[in-house]
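Chemist: Would you mind keeping the following structure in view while I ask a few things?
The values are calculated or read from the model by the stated rules, or taken from the named source; none is laboratory data. All values reported here derive from a predicted model rather than from experimental measurement. Glycine also receives a Cβ, built like all others from the backbone with ideal geometry; neighbour counts cover every protein chain displayed. We work out accessible area using only protein heavy atoms, side chains counted, and drop any ligands, DNA or RNA first. Shrake-Rupley method; radii C 1.70, N 1.55, O 1.52, S 1.80 Å.
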Amino acid sequence: MARADVVIVTALAEEQDAVLAVLGDVPSGTAVVDGLRVAVESLHGMGNPGAAGSGGTVLARWGARRLLLVGIAGGIGAAGVGFGDVLVPDQIVGYESGKVRDDGVLRRPEVYRPDFTLLTAARAVRPADWAPARPVHVGTVLSGEKVIASREVLDELRAGWPRAVGVEMESLGTALAAYRAGGGFLMVKGVSDLADAGKDDRWRGHAADAAARFTLALLRRLAAAAGDLEVPGSVRLLVCQRLVGDWQRLAIYFDIPAYERAAFARGPGPDGVWDWLVARQRLRELPDALDFIGRADLTAELRDAR
């Protein structure tokens, strides 16, 4: 079975075309970015329900633990967001769920946080890493089932979430799919409109291109976060596959809290430990840890990858 470290999903053909143009040649559906194997898939349409179903399927198909949603979205001008800017969420808020009463709608939002390692890599991207660099806004992204082209509706939503920087229609479903599969999720979208009455299509191509270019810079930062080891994706896959029976001892060696180990157990445990080390820039300690738990065979694989 073909495998990937990261799967990029898009809702629209123009979004996928922008990603493929930036990645270049993508034989058999995958590209290699500084050692990371990256697959590109379509969600086959807009909306959170479809994203929730398709997202989990593509993660399983590629054996991946990270899911990136890339495309276009509406920005919130009152938050300083402009056309062509890039949005990265530090939380996703599904705003549709609620109770309709005589005095209005009582919203019961569903909230998801993005993957810590992916968000850290996104925050590490600098303007010099990609061109033409655009402003990047990290904040709350509102996700629902409607295309919003009304300042009044936008103001009502923003009253509840004043840190909101954008609105779109797939991130809640994609985040839910990643959560159910035990994987990590992040959204990167370019701003094609400001979700008001002036909404049109003039910036769609520019927005899709900006999101794709920023995503490539993010992937390079993610690959570099492996620290001194600079481990290729193929070596990571090999080590994690062979650690299935020993990852819990490794987690104890690193004093990973029990509640985090429990979260790793819902998905591929070795990948959870690996991501935990990368996020804390401690991957260089892994060879010594493997020696300590009696897995010198894997230590050799890592040291050969240097």
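Chemist: What number of residues within the stretch 42-62 are in a loop (DSSP other than H, G, I, E, B) and crowded, with 19+ Cβ neighbours inside 10 Å?
Modeler: Residues that pass the stated criteria total 1.
Chemist: Here is a follow-up. Of the conditions (1) part of a strand (DSSP E or B); (2) of a type in the set (D, E, K, R); (3) at pLDDT 95 or above, K99 clears all except one; give me its number.
Modeler: That leaves (3) as the condition not met.
Chemist: Here's a follow-up. Name the one entry in R37, R66 that is open to solvent by less than 20 Å² (accessible area, probe 1.4 Å), touching a residue at least 60 places away in the same chain (Cβ under 8 Å) and of a type in the set (D, E, K, R).
Modeler: Only one candidate qualifies: R66.
Chemist: I've got another one for you. I'd like to know if the stretch 214-227 contains one or more residues that are open to solvent by 30 Å² or more (accessible area, probe 1.4 Å) and of a type in the set (S, T, N, Q).
Modeler: To start, the set of residues in the stretch 214-227 that are open to solvent by 30 Å² or more (accessible area, probe 1.4 Å) comprises 220-221, 224-225.
Filter once more, so that each one left must be of a type in the set (S, T, N, Q): none.
Checking the stretch 214-227: not a single residue is open to solvent by 30 Å² or more (accessible area, probe 1.4 Å) and of a type in the set (S, T, N, Q).
Chemist: Right, next: If R107 satisfies all but one of (1) at pLDDT 90 or above; (2) basic (K, R); (3) closer than 25 Å to L194 by Cβ, what's the number of the condition it fails?
Modeler: (1)
Chemist: In this structure, does R126 turn out to be of a type in the set (D, E, K, R), at pLDDT 90 or above and out of contact with any Gly (no Cβ under 9 Å at 6 or more places or on another chain)?
Modeler: Here the answer is yes, as R126 does meet what is asked.
Chemist: In the stretch 232-252, how many residues are touching a residue at least 40 places away in the same chain (Cβ under 8 Å) and open to solvent by 90 Å² or more (accessible area, probe 1.4 Å)? Outline the logic, then answer.
Modeler: Step one: list which residues in the stretch 232-252 are touching a residue at least 40 places away in the same chain (Cβ under 8 Å), which gives 232-239, 242-243, 246, 249-250.
With open to solvent by 90 Å² or more (accessible area, probe 1.4 Å) added as a condition, the list becomes 242, 249.
Qualifying residue count, the stretch 232-252: 2.
Chemist: Give me the pairs, please: first residue somewhere in the stretch 277-306 and at pLDDT below 80, second residue anywhere and open to solvent by 70 Å² or more (accessible area, probe 1.4 Å), beta-carbon distance under 6 Å, and either six or more positions apart or on two chains.
Modeler: Hits for this filter: A279/F116; R284/D228.
Chemist: Of everything in the stretch 149-168, what is within 23 Å of R123 (Cα to Cα) and either surrounded by fewer than 19 Cβ atoms within 10 Å (Cβ to Cβ) or touching a Ser or Thr at 6+ places or on another chain (Cβ under 7 Å) (or both)? Give them in sequence order.
Modeler: Quick first cut of the stretch 149-168, residues within 23 Å of R123 (Cα to Cα) only: 161-168.
The answer is W161, P162, R163, A164, V165, E168.
Chemist: Being in contact with a Gly (Cβ under 6 Å, 6 or more places away or on another chain), touching a residue at least 60 places away in the same chain (Cβ under 8 Å) and of a type outside the set (A, V, I, L, M) narrows it down to one of E96, E110, so name that one.
Modeler: The conditions single out E110.
Chemist: Could you tell me whether any residue of the stretch 185-204 is charged (D, E, K, R), in contact with a strand residue (DSSP E or B) (Cβ under 8 Å, 6 or more places away or on another chain), open to solvent by 20 Å² or more (accessible area, probe 1.4 Å) and closer than 18 Å to R37 by Cα?
Modeler: The answer is no, given that none of the residues of the stretch 185-204 is charged (D, E, K, R), in contact with a strand residue (DSSP E or B) (Cβ under 8 Å, 6 or more places away or on another chain), open to solvent by 20 Å² or more (accessible area, probe 1.4 Å) and closer than 18 Å to R37 by Cα.
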